[in-house]
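Read through the structure below, which is laid out as structure tokens, and then see the notes.
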Amino acid sequence: MDKKAKELIPPGLVYIADNITSKQNVLGAPKGTGAKWAKDLNLPKEAKTIFFAGCGYQYATGLEFMMSLLRKIDKSPIGAELPMSLASFQKKIGVDLGGVYRKLLVKDSNSDGQPLRDAVKVLRNLGVEFGYLADDEPCCGGLLHYTGLQNEFAQNARRVYDRLKSHGVKQIISIVPSCTYTLRDLMPKYIEEYDLEVKHFSEVVLEGIQSRELRFPRGVRVTYHDPCQLARYLGLIEEPRQILRAIKGIELTETDWTNREWATCCGGGGGFEAVFPELSEILAVNRTRELVETGAQIIVTQCPGCIMQLENGLKELKIDDVEILDLAQVVAMAMGV
Amino acid sequence: MSVFTDYKKEIMDAAHDERIRIALSRAIKSYRENANNALKKFPHTIKMAEEVRVIKEKAIGEMERLVQQACEAITENRGQAYIAKTAEDALNIIGNLVGRDKLVVKGKSMTGEEIGLREHLEEQGNEVYETDLGEFIVQKLNSRPMHILAPAVHVPKEAVAQLFSKITGQELTPDIETLVATARKLLREKYFQADIGMSGANVVAADTGTLILIENEGNIRLATGAPPVHIALVGMEKLVPTLGDAYKVAEVTWRYANYTVPSYVSLVSGPSKTGDIEKVTTYGAHGPREFHVVFLDAGRTELAKHPVMCQALYCLRCGGCLYECPIFAVTAGHFGDKYFAGIGAVWAAMMMDNKEKAAALAYTCLTCGRCKIRCPMNIDTPEMVVELRRLIAEGA
């Protein structure tokens, strides 16, 4: 990245961009850290169809730790300087972000990746055959694009494509909305011969459950939060609702006005949360309030960013009787897997 | 990066301001209800918006020809037309027409805000009255507009009562009807004493040189009808080929601005005239004797050439997108400069030398895309914002 660019791009985003280009994940964690969630699942590394897990869920704990740290700093008297330089911040407050990853390594790996493990179980239960690249899974680099670093994005896209091709991949089942949009819609704009077929997890599930009996373990009132990229970029609006409606015991309720393509952003779009952590939290609280007002006991969504934001919204609103789950977790429970 | 730091402080102060939150939540609720009703009652608007998108695409592609045609038509109508290449040119042209020590009554004009028209005329020694109620409030508060159609969207009635009490020296309650009547009384005589009336235009027909002005208060009719001189400042992107096209643009604009139909729509094509005595055409009957139209370029012809950013010029300024922006809901126009939110960042980049502020605005957009869902022109603001970030990152 040239120096001029770094001057006007908010450092929070430069930091993430550097992580992607140097470490192939948004957190900047050492290679392979993110693949721990799948270690007992025996997923083949070579397969025509692969499950693309994405950074958001694989590094959820680390990202959450980093965000809570950034929010704390942002609210403190030195918060106004946050855009100045993350590096100088770390020095000032004596926090070593690298320590975050070391913490991650000793942390029980079970806390990360539950939605991913459930997604794998659901797909297997539906008889879908697929593999997972594990520590070879590249970062899709979507954030480079949203940061305005199109040259870096193009280089990354080439690396990602070549890596996927070298593993013989033909189809991708992707779960994170942003990765899905990047793999399906953005990359083909940069790679002429792009021929990977990309489907979102919810599309595959909907196809598979047509003749299945699904029942949630208990009767619950559920509302669905549409992630921006899934609803407005990818147009996957009715699919998750059809899945939820197909599950007995689930009563689906919608927010007043702000549902489907009109859903309110959780405040975590395109790296915004790393530039304006405190404002991002205010938006998260606003969106959480809209969802909680439906009277739902479970908020279902499909994006690790949204989940992180909404969890924080619940915490700020001091609400402890509402749960936030990824659709994969809900379907897994309904399948009893 | 001190610009970024200052800006961030500004929007965070706004985000913690309870008054902004209350005023905006009232405004958003009312906008959505009204817009839904208006679109339900006149469902043809959605198809008409698609037609208008085609009209605008074509018009922006031939903006330079249309401005020539409009100037010729206005001249033929016995008005005077000018093309201002820059904001400074526009200020000079209008400054010379107005002169000094004049009383000026103004209709609300975002283009006027863009070039700092009121401030310029005041510095030149004129007394300038904003006549739109919201704009009048903002002027008296020494604030700036926080929404393109509802400039005082961030000011709750309690604050207006306080302000008007100070101006009139009377204790006024926050009763909206009383406040509106107070503004009417304060401004009434100014229209008839004024030397010059000023306006913008919502859309302009190039073939007839007709300005269409949409309003509800009636202040624009008075400001452009009572004084002896009418000067209009219009961005070049407001031009469309024909009067028929212009009507369609106008109807779509007011509908998405949440009105079934506005109280007043004025079509102004030239100075006031009469032929009632011996069929001799005489100018300046009851309305203005002089009619001047200043077309502003200020970066628009450049923007029109950009394959992605040209979309910003399709904007009808209905203001619908702002009510959908989650950041606007908590910061109002503090997320913006002269124009607001994501699309405002594009306008800021077009007309500002201040790259840092433009960058700060560009990186404030969530790229969540709900504005695009609302937009009658289907303007892809997230796409423009990402392109703007690219231009910023590459130092263009």
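Residues in region A:33-46 carry Karplus couplings, in order, of 4, x, 8, 4, 4, 9, 5, 9, 8, 6, 7, x, 7, 10 Hz; the curve used is 6.51 cos²θ - 1.76 cosθ + 1.60 with θ = phi - 60°, and Gly or Pro positions show x. Put simply, the amide H of A:Thr49, placed in the peptide plane, has neighbours under 5 Å in A:Gly131, A:Lys170, A:Gln171, leaving out anything fewer than 5 places away on its chain.
Summed over qualifying helices (DSSP H, 4 residues or more, each -39500 (n - 2.57)) and divided by its residue number, chain B shows a 222 nm mean residue ellipticity of -15500 deg cm²/dmol.
Among beta bridges from DSSP that stay inside chain B, the antiparallel ones total about 30%.
In chain A, the calculated helix contribution to ellipticity at 222 nm averages -13500 deg cm²/dmol per residue, counting -39,500 (n - 2.57) for every DSSP H run with n ≥ 4.
Projecting each Cα onto the charge dipole of region A:114-172 (Lys/Arg +1, Asp/Glu -1 at the beta carbon, about the Cα centre), which of A:Ala157, A:Gly131, A:Gly142 comes out farthest on the positive side? Of the listed residues, the answer is A:Gly131. Karplus-based coupling profile of region A:132-149, in residue order and whole Hz: 8, 6, 6, 5, 9, 5, x, 7, 5, x, x, 5, 4, 4, 5, 7, x, 9, with θ = phi - 60° in 6.51 cos²θ - 1.76 cosθ + 1.60 and x standing for Gly or Pro. Neighbour counts of C-beta atoms inside 10 Å place A:His200, B:His306 in the sequence B:His306, A:His200, starting with the fewest.
Comparing mean-square fluctuations of B:Ile93, B:Ile148, B:Ile212 from a GNM of chain B with C-alpha springs under 10 Å, the top value falls on B:Ile93.
Near A:Glu323, the amide H atoms lying under 5 Å from its own belong to A:Ile298, A:Ile299; only residues 5 or more places off or on other chains count, and H is placed 1.01 Å from N. Of all lysines in the structure, the ones whose alpha carbon falls short of 23 Å from that of A:Lys23, not counting any fewer than 8 places away in one chain, are A:Lys3, A:Lys4, A:Lys6, A:Lys31, A:Lys36, A:Lys39, A:Lys45, A:Lys91, A:Lys103, A:Lys107, A:Lys165. Taking the DSSP beta bridges with both ends in the protein assembly as shown, the antiparallel portion is around 20 percent.
In order along region B:217-227, the Karplus-derived 3J(HN,Hα) couplings, from 6.51 cos²θ - 1.76 cosθ + 1.60 at θ = phi - 60°, round to 7, x, 5, 6, 4, 5, 5, 9, x, 7, x Hz, and Gly and Pro are given as x.
By the scheme Lys and Arg +1, Asp and Glu -1, what is the net charge of all other residues having a beta-carbon under 11 Å from that of B:Ile196? Before the final figure, lay out the partial values.
Numbers: positive: B:Lys102, B:Lys106; negative: B:Glu127, B:Asp195, B:Glu290.
Counting the neighbours of B:Ile196, the net charge comes to -1.
Structure remark: mean-square fluctuation, Gaussian network model of chain A, C-alpha springs under 10 Å; the largest value among A:Ser166, A:Ser280, A:Ser178 belongs to A:Ser166.
If the only charges are +1 at each Lys and Arg Cβ and -1 at each Asp and Glu Cβ, what is the size of the charge dipole of the protein assembly as shown around the Cα centre, to the nearest 20 debye?
Working: 88 positive and 94 negative charges, 206 e Å.
The calculated dipole for the protein assembly as shown is roughly 980 debye.
Bridging of B:Lys9 to aspartates and glutamates at a Cα separation below 18 Å is possible for A:Asp74, A:Glu81, A:Glu273, A:Glu278, A:Glu281, B:Asp17, B:Glu18, B:Asp337, B:Glu356, once same-chain residues fewer than 8 apart are set aside. By the beta carbon rule, with partners counted only under 4.7 Å, chain B holds these lone Cys residues: B:Cys71, B:Cys310, B:Cys315, B:Cys318, B:Cys325, B:Cys365, B:Cys375. Distance check, please: which entries in B:Lys166/B:Lys190; B:Lys106/B:Lys140; B:Lys305/B:Lys338; B:Lys108/B:Lys338; A:Lys72/A:Lys318; B:Lys140/B:Lys355 exceed 24 angstrom between their Cα atoms? Where the Cα-Cα span goes over 24 Å, the pairs concerned are B:Lys140/B:Lys355.
Of the trypsin sites (Lys or Arg not before Pro) in region B:222-327, the ones in a loop by DSSP (not H, G, I, E or B) with at most 16 other beta carbons within 10 Å are B:Lys279, B:Arg289, B:Lys305.
Each reported figure results from applying straightforward, stated rules to the coordinates on display, with no laboratory input. These figures come from a predicted structure and were not determined experimentally. Counting neighbours? That spans all protein chains shown, and the Cβs are built from the backbone with ideal geometry, glycine included.
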